[in-house]
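Peer 1: Sending over a structure as structure tokens; questions will come in a sec.
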Amino acid sequence: MKSLLLSFFIFLQLLSLGQTPKDHQENVSSIIQDINHLDQLGSVMYFAAHPDDENQRVIAYFARSRGYETAYTALTRGDGGQNLIGTEIREELGMLRSQELIEARKVDGGNQLFSRANDFGYSKNPEETLSVWDKDQVLADAVWNIRKFRPDIIITRFSPNRGGRTHGHHTTSAIIAAEAFKIAGDSTVYPEQLKYVDPWQPKRIMWNTNSWFFRGKGESFDASKFVSLETGTYIPVLGKSVGEIAMAARSKHRCQGFGAALQRGENLEYFELLDGASMSEDPMEDIDTSWARVENSSKVAELIKKLQSTFNASKAEDAIPQLIAIKKELSKLNQKDYWVIKKSNIIDDLILRCSGLFLEVLTEDALIAQGDSLKVTLNSIYRAGQNISLANIQLGNLVEKEMSTRLEINKINKQSFTVKVPNDFPISQPYWLVEKPTKGMYIVNDQKLRGTPENSPSLPVIVSLNINGVNISKTLNIWQKKVNPARGEVYIPLAVVPPVSIEIDQSVMIFSDNTPKKVNAVITSNTKNIKGTLNFTTPKGWNVQPASSDFNLQNKGDKLEVLVSITPSKKDSEGTFKAIANIDNNTYDLGLNTIDYEHIFRQYIFKPAEAKVIKLDIQRGDVDVVGYLMGAGDVVPQSLEAAGYTVEIINPENVKLEEIKKFDAIVVGIRAYNVLENMRYIQPVLMDYVQQGGNVIVQYNTSFRLKVDQVGPYEGFKLSRDRITVEESPVEILAKGNPIMSYPNKITKKDFDGWVQERGLYYPNEWGTQYTPILRMKDPNQDPADGALLVADYGQGAFIYSGISWFRELPAGVSGAFRIFANMLNYKPENKQ
């Protein structure tokens, strides 16, 4: 069995990702706090299903106030959620939410872990969830995380015994945690993991509950039945309370709209024991969190106590000899011991920080192509009186440079070197997306990667230093640094990319007849002097002209646009149009997408250069120009354009009746009534437009933070949390004679085949008699819901509300969704039978 030292070293390296040189420009308060916590040897793992499920108050309390190692295991990356700040959905949204979690942990002091579970969307109960997830794989990942992190206690956000009362993923996360708690210490369970880790049995597992979980269910919350914990403590050395730290972390979940006011003052958290040792006052009671849990560590404990009592915040560098003494004593202890490894890493980091040392590795461009040479520069400076020398620099396993360079105080030292990136070097694809995922699971074949929050640096730089005769190593990422006039320094992580990337300007193309359509394919050079052939393929029976195009790109960043014509098959069919570059008998077929927001580091994802092409019996009717009022962000406008409509985006700051009269129909984007602050002024204008003969289609909103008193023209309309989560669930057409089901396309049950993720969400459950429900939907073992699609005549026009997830179905190229949406756009009261 390999030593725990090796496995834990790998784990620590992967947990520390996302760090920037700015992380070391800390005030002395953080150093004091870390020194104060050197004698705390406790660990806590929090368990839930999604990003933003975690209770940051509990995480911040155990990590920042009590100094315990604390981790949050989110079973999923939140791929199935919605996005309030952009148009990313599915894998891109999962990447965005993963990074928001990582940023939240930097604030509240926790570590971040995941499983391979794919967030496939809302689930009504754990049975539904586990019909999609591979339970054995998710459970294996939970056990792996426990064995890696070795928590003394496990805390779940949700109860394993309240299925059907919350999201099925929520309950399942607690069920998985409870089962993992029982088996993580059993060496006969998942024995393949023991190549890297040892079995581990936590002391207890508990549910972190509160009165919210008992609302509206015919229950009452009795605090006396639970162990309570005051977590609103003030941390003088940080000048902040746990509540302030926690809500600052909570506010990192921007794409979910969880910006929160900072909380100060007392806060009670409640815990119910689920399994393990009993407790009466504290989740960590009867757990030794002192150095006594490490054999022969009394000398270490003594030195730490002395450091804590003598540390001078005004001269942090004076603590370095004491820290070195602790480091030497730690080296005498069992090097396989979890806490020896953990505290040794913290001591090394404190030595670097007390020296005022700043390290960064920069390059001129954030993208490096396979096969190219990369020049990097290490900038080093220390600002306190110590003897520090650079001893060695290692760039991955490609270059190693020995040196003996004495750093001069407060003077920047620059060390530059060049490395050639091999042609077969892995591109910077997120590790969980390298293999095509299933609906319920990501495929990760490397055991060591499972659970880690993100990729390790593409080319990690390991800098070895000698400080007062002691060797310390630091692993750094490579960055491109820019200066933004509005934001100041911006660090962009290095990514390894293919020699070329290919983009297709449409993701879905709809053909209603045999008329050819144009599509633009753009090939971009990520290196110099690259030439080859760009080939195009279509499904059988389709035709593309030209079928290929030669390219010869001289400079990095050069582009070639190739306009191709696609002719559909004579019969209705669908398939994939692909663009593939051939260079020296090597093929490249990936496009490079970036996810770039101020609150996270730039992320990269590679997706095949392809578009879904559909020959479909779809009639666009009399509608030509559609106005689109954007809400939280979606790509429905592009989807409507793919179907042949002209779409104009309406400026929400200037909605005037005379200007919107030109539109044949107006579509309101997802959650517009939740996110547009001036919706209360827009709504009357839209209703005037309807009354004078217009057609307004409103997509889903939630009842939370509505900007208007009443959605639509009539009272009695109420949004609910009703949703249809099974995309294959049966659909009954209630209003068969309504034009939405007949004009210009005859809708049948076949149009509800092949949908993705869900039918819809946040349906109304109450409405006046003026509204006509068009569809009835029903999830397995659930009551039917009739609020998916409602239409109301108002004046000479119509108001349509639909909770159907058009923002997922249209970009995915679901044929029936396009036909139904065309009918909604064409709806007029006078067409009713």
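Peer 1: Around A642, with a cut-off of 11 angstrom between Cβ atoms, what is the net charge of the other residues, counting Lys and Arg +1 and Asp and Glu -1?
Peer 2: That works out to 0.
Peer 1: Give, rounded to the nearest 20 debye, the magnitude of the charge dipole that the range 625-831 has about its Cα centre when Lys and Arg contribute +1 at Cβ and Asp and Glu contribute -1 at Cβ.
Peer 2: 160
Peer 1: Nearest 5 is fine: what % of DSSP beta bridges in the range 42-289 come out antiparallel, could you say? Walk me through the intermediate numbers first.
Peer 2: Values: 12 of 30 bridges.
Beta bridges within the range 42-289, antiparallel portion: roughly 40 percent.
Peer 1: Tell me the Rg and the Dmax, in Å, that the Cα atoms of the range 722-796 produce.
Peer 2: Answer for the range 722-796, Rg first and Dmax second: 12.8, 41 Å.
Peer 1: Whole-Hz Karplus ³J(HN,Hα) for the range 400-406, in order, using 6.51 cos²θ - 1.76 cosθ + 1.60 and θ = phi - 60°, x for Gly and Pro?
Peer 2: 9, 10, 7, 7, 9, 10, 6
Peer 1: Follow-up. Can you give the translational diffusion coefficient of the range 625-831 in µm²/s, computed by Stokes-Einstein from the Kirkwood radius over Cα pairs at 10 °C and 1.306 mPa s?
Peer 2: Numbers: Rh = 16.8 Å.
In µm²/s, the coefficient rounds to 94.
Peer 1: Sticking with this structure for a sec: Based on alpha-carbon centroids, what's the gap between the range 666-692 and the range 186-224 in Å, whole number please?
Peer 2: 45
Peer 1: If you don't mind, another one. State the Kirkwood hydrodynamic radius of the range 238-370 in Å, one decimal place, computed from all pairs of distinct Cα atoms.
Peer 2: Computed over Cα pairs of the range 238-370, the Kirkwood hydrodynamic radius comes out at 19.5 Å.
Peer 1: What Kirkwood hydrodynamic radius, in Å, does the chain give when the mean of 1/r is taken over all pairs of distinct Cα atoms and then inverted?
Peer 2: 29.5
Peer 1: Taking a 18 Å limit on the Cα-Cα distance, which of the listed pairs K148/K448; K305/K328; K252/K436; K746/K828; K661/K828; K517/K578 fall beyond it?
Peer 2: Long pairs (Cα-Cα over 18 Å): K252/K436.
Peer 1: Still on this structure, please answer the following. All other residues with a Cβ under 12 Å from the Cβ of E285 taken together, and with Lys, Arg as +1 and Asp, Glu as -1, what is their net charge?
Peer 2: -3
Peer 1: Counting alpha carbon pairs within less than 8 Å and at least 6 residues apart, what relative contact order, in whole percent, applies to the range 42-289? Before the final figure, lay out each step's value.
Peer 2: Working: 531 pairs, mean separation 58.5, N = 248.
Worked out over the range 42-289, it gives 24 percent.
Peer 1: Quote the relative contact order of the chain in percent (integer), defining contacts as alpha-carbon pairs under 8 Å separated by 6+ residues.
Peer 2: On the way: 1911 pairs, mean separation 79.9, N = 833.
Relative contact order for the chain comes out at 10 percent.
Peer 1: Hey, another quick one. 222 nm [θ] for the chain, helices only, -39500 (n - 2.57) per DSSP H run of 4+, per residue, to 500?
Peer 2: Per the formula, -6000 deg cm²/dmol.
Peer 1: Return the percentage of antiparallel bridges among DSSP beta bridges fully within the chain, rounded to the nearest 5 %.
Peer 2: 75
Peer 1: Which whole-number percent is the relative contact order of the range 625-831 (Cα, under 8 Å, 6+ apart)?
Peer 2: Working: 466 pairs, mean separation 47.4, N = 207.
Normalised by residue count, the contact order of the range 625-831 is 23 percent.
Peer 1: If Lys and Arg each add +1 and Asp and Glu each add -1, what is the summed charge of the other residues whose beta carbon sits under 15 Å from the beta carbon of A248? Display every interim value, and only then the final one.
Peer 2: Values: positive: R57, R64, R105, K106, K240, R250, K252, R254, R264; negative: D52, E54, E100, E103, D108, E244.
Around A248, the charge tally is +3.
Peer 1: Let me understand the range 162-256 better: what is its radius of gyration from the alpha carbons, and its Dmax, in angstrom?
Peer 2: Both quantities, over Cα of the range 162-256: 18.4, 49 Å.
Peer 1: So, one more: Can you pull out the trypsin sites (Lys or Arg not before Pro) in the range 709-742 that DSSP calls coil and that have at most 11 other Cβ atoms within 10 Å?
Peer 2: K736
Peer 1: If the only charges are +1 at each Lys and Arg Cβ and -1 at each Asp and Glu Cβ, what is the size of the charge dipole of the chain around the Cα centre, to the nearest 20 debye?
Peer 2: 1080
Peer 1: Restricting things to alpha carbons, find the Rg to Rh ratio for the range 583-672 using the Kirkwood radius for Rh. Write out the running numbers ahead of the final one.
Peer 2: Working: Rg = 18.3 Å, Rh = 16.5 Å.
Value, to two decimals: 1.11.
Peer 1: D275 versus I412, label points 7 Å from Cα toward the beta carbon: distance in nm?
Peer 2: Each label point is offset 7 Å from its Cα along the Cβ direction, giving 5.5 nm.
Peer 1: Moving on. Tell me the GluC sites (Glu not before Pro) within the range 686-750 that lie in a loop according to DSSP and have at most 14 other beta-carbon atoms within 10 Å. Present the calculation step by step, with values, prior to reporting the outcome.
Peer 2: On the way: sites: E715, E727, E728, E732; in loops: E715, E727, E728.
Passing sites in the range 686-750 are E715, E728.
Peer 1: Related question: Enter the per residue convex hull volume of the range 498-615, computed from alpha-carbon coordinates, in Å³ rounded to the nearest integer.
Peer 2: 107
Peer 1: Compare the Cα positions of V613, T73, S473 along the charge dipole of the chain (+1 at Cβ of Lys, Arg; -1 at Cβ of Asp, Glu; about the Cα centre) and return the one farthest towards the positive end.
Peer 2: Going by the Cα projections, it comes out as S473.
Peer 1: Just to be sure I understand: if I project the alpha-carbon convex hull of the range 456-540 onto a plane and average over all orientations, what area do I get in nm²? Walk me through the numbers on the way to the answer.
Peer 2: Values: hull surface 48.3 nm².
Result: a mean projected hull area of 12.1 nm².
Peer 1: Eigenvalues of the Cα gyration tensor times 5, then square-rooted: what semi-axes does that give for the range 42-289, in whole angstrom, largest first?
Peer 2: Working from the Cα gyration tensor, I get semi-axes of 24, 23, 19 Å.
Laboratory data are not the source of any read-out in this text; all were calculated from the coordinates shown. The structure presented is a predicted model; accordingly, all values stated were derived computationally and were not measured. A quick note on method: Cβ atoms are made from the backbone with ideal geometry, for glycine too, and the neighbour counts reach across all protein chains shown.
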